[in-house]
1. Considering only DSSP beta bridges where both residues belong to the chain, give the percentage that are antiparallel (nearest 5).
2. Just how large is the dipole of the chain about the Cα centre, in debye to the nearest 20, putting +1 at every Lys and Arg Cβ and -1 at every Asp and Glu Cβ?
3. Nearest 20 debye, what's the magnitude of the dipole of region 41-119 about its Cα centre given +1 on Lys and Arg Cβ and -1 on Asp and Glu Cβ?
4. So what is the calculated 222 nm ellipticity per residue for the chain, using -39500 (n - 2.57) for each DSSP H run with n of 4 or more, over all residues, to the nearest 500 deg cm²/dmol?
5. Before anything else, pin down the relative contact order of the chain: Cα pairs under 8 Å, at least 6 apart, normalised by residue count, whole percent.
6. Going 7 Å from the Cα of GLN46 toward and past its Cβ, which residues in region 92-124 have a backbone nitrogen under 15 Å from where you end up?
7. Determine the gain in length on full extension of the stretch LEU18-ASP75; use 0.36 nm per residue of separation and subtract their C-alpha separation, reporting nm with one decimal.
8. Once both labels are modelled 7 Å past Cα along the beta-carbon direction, what's the CYS26-THR109 spacing in nm?
Amino acid sequence: MKTAIGGTGLFTIVIVLLLLVTAYFCISINYTAAYKVSDSIIQQIQNDNGVNTANIRQVLSETKYASSGKCNSGDDTGWTAFMANGTVVYGDDTAANYCIKKIKVPNSTDELPDMYYYRVKVFYSIDVPFFSRVPLNVKGDTEPLYTPEDTIENGHIGG
């Protein structure tokens with residue numbers, strides 16, 4: 001009887017460890033995919049010297065990105081929410097595929113032109129019970145851009 005109870009305890013420990021390792025792999029694979037999408041959007045913004053939703057839409061279609069989430073939550077506000085097709089989401093931004101925030105770099109002199117950098121937020125999710133409802137996102141920043149030229153089809157991005 002003592003051996004059977006010890007075997008059951010060991011079996012339980014092995015199952016729990018397998019679940020933890022599997023969860024870690026699920027999270028890391030999805031995070032890596034979301035990071036690649038974020039990096040692709042950042043590269044496109046830098047190549048265009050600003051936000052061009054038509055080019056970002058093409059990048060998203062190449063990467064087959066379709067996750068969505070909420071842009072403005074709690075203290076994290078000021079995001080412009082976008083759908084994958086490039087349209088701006090107004091009002092309830094829970095269905096946004098990606099979010100962009102335009103941030104002005106402080107300038108102590110008037111000799112330099114205005115510099116901005118863009119912060120990009122993309123979403124990812126995991127299909128594991130109890131954790132699929134947790135909002136997960138990846139954020140990344142562009143390099144500072146001098147006088148960026150934004151081309152947004154339906155809406156605007158603040159600065």
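Read-outs throughout are calculated quantities, based only on the coordinates presented, and are distinct from any laboratory measurement. Owing to the predicted nature of the structure, the values given are computational and were not obtained by experimental measurement. Heads up, the Cβs are rebuilt from the backbone with ideal geometry, glycines too, and the neighbour counts pull from every protein chain shown.
1. Numbers: 21 of 22 bridges.
Beta bridges within the chain, antiparallel portion: roughly 95 percent.
2. 900
3. On the way: 7 positive and 9 negative charges, 58 e Å.
The dipole of region 41-119 has a size of about 280 debye.
4. Working: 2 runs with 58 residues, N = 159.
It comes out at -13000 deg cm²/dmol, rounded to the nearest 500.
5. Details: 260 pairs, mean separation 40.1, N = 159.
Averaging sequence separation for qualifying contacts and normalising by length gives 25 percent for the chain.
6. Zone members listed by number: 116-120.
7. Values: separation 57, 0.36 × 57 = 20.52 nm, distance 3.65 nm.
Full extension of this stretch gives 16.9 nm more.
8. Using points 7 Å along Cα→Cβ, the separation is 5.4 nm.
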